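Just so you know, all these numbers are worked out from the coordinates, no wet-lab data involved. As the structure is a computational prediction, the values presented were derived from the model and not from experiment. Neighbour counts run over all protein chains shown; Cβ positions are idealised from the backbone, glycine included.
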Amino acid sequence: MDILSIFGLIVGVGAIILGQFLEGGHITSLMNGPAILIVAGGTLGAIMLQFPMTLFVQALRQIKWIFIPPVDSGEEIIEKIVSWSNVARREGLLGLESIADTEEDEFARRGLMLLVDGTEPEMMRNILEVEVDTKESFYLAASKLYESAGGYTPTVGIIGAVLGLIQVMENLADPSKLGHGIAVAFVATVYGVGLANLMLIPMGNKMKNVIEAQTQLRYMLIEGIISIAEGDNPRNIEHKLLAYVG
């Protein structure tokens, strides 16, 4: 669980609500159904138009990484690689076959099977790096959905403001309807700017950081597997891989 992400969301939204209260405003004045519909619906429609279904669905799956990032630990991966290296030195590369069968991580399992099959180190590196680069590009493309949404919401909020002002102008002769129209106008703008800068854009950037960290760990795993294939000493492999985790 990423406590900092949860705390940041609470602080950001809470500061706006608290500021509204301290200025003498009512919290309920920030709750406006038409404004929510305009901003949320308009933004959703825009990103659905921009992104293909595969990226749209993947972006929804990745949203959990903001608060529950993948649990891969660099130290744990290094420990695992060193244990594989010790097995390979004692039993040969074929001794890793039973380990590959029980390995939970699909990428690591594929690397181990390449080792067991006796694939040349350079060929092995090429195969695994292509997979890492392809997945990274796909995940990053999906994460851009949130950045794009963050770019649309302020503009859609302005559309909501204009619609509210149109309602105001149409009802100048009826003062009882002016307040509602002005409320929609200003609240829609708050929703658009706030949603973009407090949630969507930070979420997109956080997701990119998670993806880059996972990619780095994948490259570390590749380096470890190649080192095993080349017969490096387990202690030397450990020292080499520690550079990836600082």
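Okay, here's what the table says:
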quantity: Extension gain (nm, one decimal) between VAL11 and SER137, 0.36 nm per residue minus Cα-Cα; calculated: 42.2 nm
quantity: Under-14-angstrom lysine pairs by C-alpha in the chain, whenever the two are 8 or more apart or on separate chains; calculated: 5
quantity: On Cα atoms only, tilt of 53-62 relative to the major axis of the chain in degrees; calculated: 80 degrees
quantity: Sequence of ILE16, ILE81 once ranked by neighbouring C-beta atoms within 10 Å, starting from the fewest; calculated: ILE16, ILE81
quantity: Label zone at ASP105 (point 7 Å along Cα-to-Cβ), backbone N below 15 Å, region 70-92; calculated: 70-85
quantity: Computed lengthening from ILE36 to GLU122, 0.36 nm per intervening residue step minus Cα-Cα distance; calculated: 25.5 nm
quantity: Enclosed volume per residue, in Å³, of the convex hull spanned by Cα atoms of region 32-242; calculated: 116 Å³
quantity: Between region 142-218 and region 80-119, the Cα center-to-center distance that results, in Å; calculated: 49 Å
quantity: Whole-percent pair-distance distribution, where bins are 10 Å wide, for the alpha carbons of region 20-63; calculated: 23, 31, 25, 17, 4
quantity: Virtual spin-label span in nm between LYS240 and ILE158, 7 Å along Cα→Cβ; calculated: 5.4 nm
quantity: Where only alpha carbons of region 170-230 are counted, the Rg and the Dmax (Å); calculated: 25.5, 84
quantity: Region 129-246 - Rg and Dmax from Cα coordinates, angstrom; calculated: 25.5, 86
quantity: Long-range tail of P(r) for region 38-108 (Cα pairs > 19 Å, %); calculated: 60 percent
quantity: Whole-percent pair-distance distribution, where bins are 5 Å wide, for the alpha carbons of region 1-121; calculated: 2, 8, 10, 11, 11, 11, 9, 9, 7, 6, 6, 5, 4, 2, 0
quantity: Under the Karplus curve 6.51 cos²θ - 1.76 cosθ + 1.60, θ = phi - 60°, whole-Hz ³J(HN,Hα) for region 115-121, x wherever Gly or Pro sits; calculated: 4, 4, 6, x, 5, 4, x
quantity: Low-density loop cleavage sites - GluC sites (Glu not before Pro) in region 1-99, where at most 12 other Cβ are within 10 Å (DSSP); calculated: GLU23
quantity: Given charges at beta-carbon only (K, R positive; D, E negative), |dipole| of the chain in Debye; calculated: 920 debye
